[in-house]
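Just below is one structure, and these are the notes that go with it.
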Amino acid sequence: MKIGFIGGGSMARALAAKWSGKHELFVSGRTPAKAAAVAAEFGAGSGTAAEAAAFGDVVVLATRNEDVFDAIDQAGGAAAFAGKIVIDINNPISVETFLTTRTDGRSLTQAIQHALPDAAVVKAFNMAQAAVWADPDMTYDGRTMVTLYTADDDRASDAIAELITDVGSEPLKLGGNAHAYQLEAAAAIVIKFLFAGHDRHTILNVIQPEVKPAR
Ligand SMILES: NC(=O)c1ccc[n+]([C@@H]2O[C@H](COP(=O)([O-])OP(=O)(O)OC[C@H]3O[C@@H](n4cnc5c(N)ncnc54)[C@H](OP(=O)(O)O)[C@@H]3O)[C@@H](O)[C@H]2O)c1
């Protein structure tokens, strides 16, 4: 697949490291030199958000969650995403209250889909820290980590399942994007315990900390 990243921070780097060599990658950011440096790590192209959207059959929205809609505008708005699969990895969670910042009862994923009516938006990769996605071995205590995702579109569902497999995890579809709100709320639990110092491998699962200590 051709994958464009809008944003070249921690999550883009973690996912790009896993997809490098399997897919064609392009990284963008507000600071061209930073995006170019990240892209160089993975033999990827780099440039603007608009170029990343144009490049990808799949586009990953990988800015901070509060910048998502600005980044979409900078990429060219809805027309730039027509026909694309868009991966929403973002957590609209306050790190002061550890509650969702969504106020209308709609997930960020659904709001993105509303803004990009001709794209197929999926939610994935929001439930664990970047360092977990970067982990070269996602098998813990003999079991492969499961990644929950949501998708409305069958083609997008197949694509995200493949991309989850390619990071070394096992895809598990929670449902359509009506369920994305639950993934965002669950991430708030994860983030709360991460901020409290919990081991990133043990939140919301039954793996004992001593099996795989935090690195
Ligand atoms: N970090 C985690 O552990 C984690 C885990 C799961 C989900 N998430 C979610 O993943 C998203 C990304 O998190 P992150 O930690 O990777 O963020 P990050 O390290 O802060 O990186 C954000 C990136 O977005 C770029 N950016 C900001 N506005 C942009 C725009 N308008 N156009 C293009 N690029 C833009 C920034 O570029 P400049 O530096 O040049 O401005 C930077 O490269 C967040 O929504 C977060 O909720 C994060």
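The values are calculated or read from the model by the stated rules, or taken from the named source; none is laboratory data. Remember, it's a predicted structure, so these values are computed and weren't measured experimentally. Neighbour counts run over all protein chains shown; Cβ positions are idealised from the backbone, glycine included. Ligands, DNA and RNA are excluded from the accessible area calculation, which covers all protein heavy atoms including side chains. Shrake-Rupley method; radii C 1.70, N 1.55, O 1.52, S 1.80 Å.
Once you have a ≥ b ≥ c as the square roots of the Cα gyration tensor eigenvalues for segment 7-142, tell me rounded if a/c is under 1.5, and otherwise prolate or oblate according to whether a/b is larger than b/c. Since a/c reaches 1.5 but b/c is at least a/b, the shape of segment 7-142 is classed as oblate. So which of LYS2/LYS123; LYS2/LYS192; LYS22/LYS173 end up more than 28 Å apart by C-alpha? Violating the 28 Å limit, Cα to Cα: LYS2/LYS192.
Helical content of the chain, expressed as a calculated mean residue ellipticity at 222 nm, amounts to -10000 deg cm²/dmol (DSSP H runs of 4 or more residues, -39,500 (n - 2.57) each, divided by residue number, nearest 500).
Evaluating 6.51 cos²θ - 1.76 cosθ + 1.60 at θ = phi - 60° for every residue in segment 189-204, the Karplus couplings come out as 5, 4, 5, 4, 6, 4, 5, 7, x, 4, 5, 5, 8, 10, 6, 6 Hz, glycine and proline recorded as x.
Where the centre of each part is set by its Cα atoms, how far does segment 147-174 sit from segment 10-83, in angstrom? Rounded to whole Å, the Cα centres lie 19 Å apart.
The residues of the chain have, on average, 45 Å² of accessible surface per residue, using a 1.4 Å probe with all protein chains present. Here the label points at PHE195 and ARG143, each 7 Å from Cα along the C-beta direction, are separated by 2.8 nm in the simple model. Available extension along the chain between ASP158 and ALA33 is 41.6 nm, counting 0.36 nm per residue and deducting the alpha carbon span. With contacts taken as Cα pairs under 8 Å and at least 6 residues apart, the chain reaches a relative contact order of 17 percent. Amide H contacts of PHE5 (H built 1.01 Å from N, in plane; Pro and chain starts excluded): PHE26, VAL27, SER28, VAL60 sit under 5 Å, all sequence-distant by 5 or more or on other chains. Going toward the positive end of the dipole of the chain, with +1 on Lys and Arg Cβ and -1 on Asp and Glu Cβ, which of ALA156, MET127, PHE69 do you reach last? After comparing all options, I get MET127. In this structure MET145 has an accessible area near 40 Å², from a 1.4 Å probe over the protein heavy atoms.
For the set LEU183, LEU99, the ranking by accessible area, highest first and with no ligand, DNA or RNA atoms included, is LEU99, LEU183 under a 1.4 Å probe. In the assembled protein chains, GLU162 presents an accessible area of approximately 90 Å² (probe radius 1.4 Å). For the peptides 27-34, 130-137, 11-18, the ranking by packing is 11-18, 27-34, 130-137, with the highest mean count of neighbouring Cβ atoms within 10 Å listed first. The residue list PRO117, SER169, MET1 was ranked by how far each Cα lies along the charge dipole of the chain toward its positive end, using unit charges on Cβ atoms, and SER169 comes out on top. Within the shell of other residues whose beta carbon sits under 12 angstrom from the beta carbon of ALA14, the net charge comes to 0, with Lys and Arg scored +1 and Asp and Glu -1. If R0 is 30 Å, the Cβ-Cβ spacing of LEU99 and SER20 corresponds to a FRET efficiency of close to 0.25.
Computed over protein heavy atoms with a 1.4 angstrom probe, the accessible surface ordering of LEU116, LEU174, largest first, is LEU174, LEU116. Surface composition of the chain: carbon plus sulfur atoms hold 53% of the accessible area, using a 1.4 angstrom probe and ignoring ligands, DNA and RNA.
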